[in-house]
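Colleague: First the structure, then my questions, so here it is.
The values are calculated or read from the model by the stated rules, or taken from the named source; none is laboratory data. Just so we're clear, the structure is a prediction, and the values are computed from it rather than from any experiment. FYI the Cβ positions are ideal-geometry reconstructions off the backbone, even for glycines, and counts take in every protein chain you see. To get the accessible areas, we keep the full protein, side chains included, count just its heavy atoms, and leave off ligands, DNA and RNA. Shrake-Rupley method; radii C 1.70, N 1.55, O 1.52, S 1.80 Å.
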Amino acid sequence: MAKKEFFLIWTKDSGEEETISIKHEMIFGRKKDCDMALPDQLVSGKHFQTLIIGQKVYLSDLNSFNKTFLNEVDLSPEKKTPLKEGDIIKAGKQMFTFTMAPGKSASGTSSSSSVSLENDSLQLKIENLKTEGTKTESSRPEDPFLNGLYELKDILDLSINHAGDSKYDLSSLSFSKEPKKTHFQEFKDKKEKILNRNKELAKDLNELINLWKSFF
């Protein structure tokens, strides 16, 4: 069976297009040592990866900050997703269209095609097992600051879900009697305190991000 060729048509934020020939394993990101450097502040240092396994190309997000989107759906970090003709990949302001080079139809019997698909599936399972083996328990970066942000995000998500759950709606409850009256006042005071601290934290983080961006 003839070896297939795979390409990404890169549509830059300027509207200019560039054709990229996909090699066995390629990393796309803002860092200059990536296989394909993307000059975009919304793109992470190492944003996403393409990997050829058998007769298919698989796409993986590399724990990027702003995520990798395939046909408008954000990918789970490090999970390999097969690409098909016409798929649209988005990273930051950059867009890529997956395509295969036009050529003659592959020759061979349906039996050989079936064997090829089985081999591809087996190789994908092996690659995913290798990925799982290299992950840390939490799959999070070693940087204490980034870990702190992840922990903050987790508790914020939990708080938002809790506050939006109708079964925890306080409006139908009565707090006119003790000890509920005292407890409810403590609850309101704590909410007000968190709100004020949140405003300060949001301001500090915004200043930090702007300073961070100034280094690049």
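Colleague: Let's see if you can work this out: charge +1 on each Lys and Arg Cβ, -1 on each Asp and Glu Cβ, no other charges. What is the dipole magnitude of region 139-216 about its Cα centre, in debye to the nearest 20?
Modeller: Magnitude of the dipole: close to 380 debye.
Colleague: OK, next. Using a 1.4 Å probe and ignoring any ligands, DNA or RNA, find the accessible area of residue 73 and quote it in Å² to the nearest 10.
Modeller: About 90 Å², rounded to the nearest 10.
Colleague: What's the percent breakdown of Cα-Cα distances in region 4-58 across 5 Å bins, shortest bin first?
Modeller: Spelled out bin by bin, region 4-58 gives 5, 19, 26, 26, 16, 7, 2 percent.
Colleague: Which links in 79/213; 31/56; 79/199; 12/84; 167/199 stretch past 32 Å when you go from one Cα to the other?
Modeller: Flagged as over cut-off: 79/199.
Colleague: Taking region 154-210, which chymotrypsin sites (Phe, Trp or Tyr not before Pro) meet the DSSP loop condition and have no more than 16 other C-beta atoms within 10 Å?
Modeller: Sparse-neighbourhood loop chymotrypsin sites (Phe, Trp or Tyr not before Pro): 175.
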